[in-house]
Amino acid sequence: MSTDQTEPKRLNKHLALILGISRREADDLIDQRKVMINDTTASLGARFVESDKITVNGKEIKDEVEYQYLVLNKPVGYVCSRKKQGENPTIYDLLPNKYHNLKPVGRLDLHSSGIVLLTNDGDLAFHLTHPSFHKTKIYNVRLDKNLEPLHQQMISDHGISLEDGPSKLILERMNESDRKSWVVTMQEGRNRQIRRTFGALGYTVIKLHRTNFGNYTLGDIKPGKYILVDIR
């Protein structure tokens, strides 16, 4: 390691920021012995200073990275992954090749639609998805039948017990004459949480469309289209 006296920085956090990956993925690279600091193979928990040379798979990485932030209106029928699941296309089929290095933040399942943020900024992705930051997400939800007032109260006031813990959602009717269509607000992001919450009470979600994610909103972006945003 260098004798530079600047404050040491965590290697996994640095890799996540520069490569646009999660800290867990950065730790995987380190654990697989693919990362070197100067001429020494890095170990988990390693730190470095600015004068150190860091390489990944033999290629030096530098701080000069252009962060990109893309807001996509995902249609139903697309998966939020790089690989197809069966015959279903991926969201990358909707994007030019130059954006295929970006990673989705806050995935939506095959049957859901709406806002998906893609970025190479691993730090932003962490802040948007980690439960401790309480980022608000808003969905338009359509049920297969009227939601009983008692069940509405249970979901909003007490929460529903799921296998991975209680689920509490804020529910607002879209209009006073319809008890099938709801605006759902939540600050968690567990896998298929909304569908499982209603399913536990005997309802099927037939439409789930996310309109807001943190400070981002779909606005007038058409299904399958995207815009680049600048958050700095």
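Among the residues of segment 169-187, those that are crowded, with 16+ Cβ neighbours inside 10 Å and among the charged types (D, E, K, R) comprise Arg179, Lys180. Here the condition is being in a helix (DSSP H, G or I) and touching a residue at least 24 places away in the same chain (Cβ under 8 Å); of Leu110, Leu124, it holds for Leu124 alone.
For segment 186-205, how many residues are part of a strand (DSSP E or B) and modelled with pLDDT of 95 or more?
Of segment 186-205, the ones part of a strand (DSSP E or B) are 186, 205.
Applying the additional criterion that residues be modelled with pLDDT of 95 or more yields 205.
Residues that pass the stated criteria total 1.
For Asp27, the conditions (1) closer than 27 Å to Val105 by Cα; (2) of a type outside the set (A, V, I, L, M, F, W, C); (3) modelled with pLDDT of 95 or more all hold with the exception of (3).
Among the residues of segment 194-228, those that are among the hydrophobic types (A, V, I, L, M, F, W, C), over 15 Å from Leu110 (Cα atoms) and more than 16 Å from the chain's Cα centre (by Cα) comprise Phe198, Ala200, Leu201, Ile221, Ile227, Leu228.
Examine segment 206-219 for a residue that is part of a loop (DSSP other than H, G, I, E, B) and more than 22 Å from Val71 (Cα to Cα), and state whether such a residue exists. The answer is no, given that none of the residues of segment 206-219 is part of a loop (DSSP other than H, G, I, E, B) and more than 22 Å from Val71 (Cα to Cα).
Within 21 Å of Asn215 (Cβ to Cβ) and of a type in the set (Ser, Thr, Tyr): does that describe Tyr78? It would help to see each step written out before you state the result.
On the way: within 21 Å of Asn215 (Cβ to Cβ): no; of a type in the set (Ser, Thr, Tyr): yes.
Taking the combined requirement at face value, the residue does not satisfy it.
Scanning segment 148-164 for residues being touching a residue at least 40 places away in the same chain (Cβ under 8 Å) and either within 16 Å of Glu188 (Cα to Cα) or in contact with a helix residue (DSSP H, G or I) (Cβ under 7 Å, 6 or more places away or on another chain) (or both) gives a total of 2.
The condition of being touching a Phe, Trp or Tyr at 6+ places or on another chain (Cβ under 7 Å) and under 19 Å from Arg23 (Cα atoms) holds for only one of Gly106, Gly122, that being Gly106.
Across segment 85-135, the number of residues qualifying as within 17 Å of Ile227 (Cβ to Cβ), surrounded by fewer than 18 Cβ atoms within 10 Å (Cβ to Cβ) and either small (Gly, Ala, Ser) or under 11 Å from the mean Cα position of the chain (by Cα) (or both) comes to 0.
In a strand (DSSP E or B), among the acidic types (Asp, Glu) and farther than 23 Å from Tyr99 by Cβ - does that describe any residue in segment 154-165? Before the answer, list the steps.
If we filter segment 154-165 for residues that are in a strand (DSSP E or B), which is where we start, we get 160-162, 165.
Right, trim to among the acidic types (Asp, Glu) and you get none.
No: segment 154-165 contains no residue that is in a strand (DSSP E or B), among the acidic types (Asp, Glu) and farther than 23 Å from Tyr99 by Cβ.
Look at (1) surrounded by 11 or more Cβ atoms within 10 Å (Cβ to Cβ); (2) within 30 Å of Tyr92 (Cα to Cα) and you find that Asp220 fails only one, number (1).
Per-residue answers, yes or no, for (1) assigned by TED's automatic domain parsing to the domain that holds Leu17; (2) exposed (fewer than 15 other Cβ atoms within 10 Å of the Cβ); (3) within 29 Å of Val116 (Cβ to Cβ):
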{"position": "Ile30", "(1), (2), (3)": "yes, no, yes"}
{"position": "Ile37", "(1), (2), (3)": "yes, no, no"}
{"position": "Ser43", "(1), (2), (3)": "yes, yes, no"}
{"position": "Val56", "(1), (2), (3)": "yes, no, yes"}
{"position": "Val76", "(1), (2), (3)": "no, no, yes"}
{"position": "Val79", "(1), (2), (3)": "no, no, yes"}
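The values are calculated or read from the model by the stated rules, or taken from the named source; none is laboratory data. Since the structure is predicted, the reported quantities are computational estimates derived from the model, not experimental observations. Because the Cβ atoms are built from the backbone with ideal geometry, glycine has one as well, and the counts that use them run over all protein chains shown.
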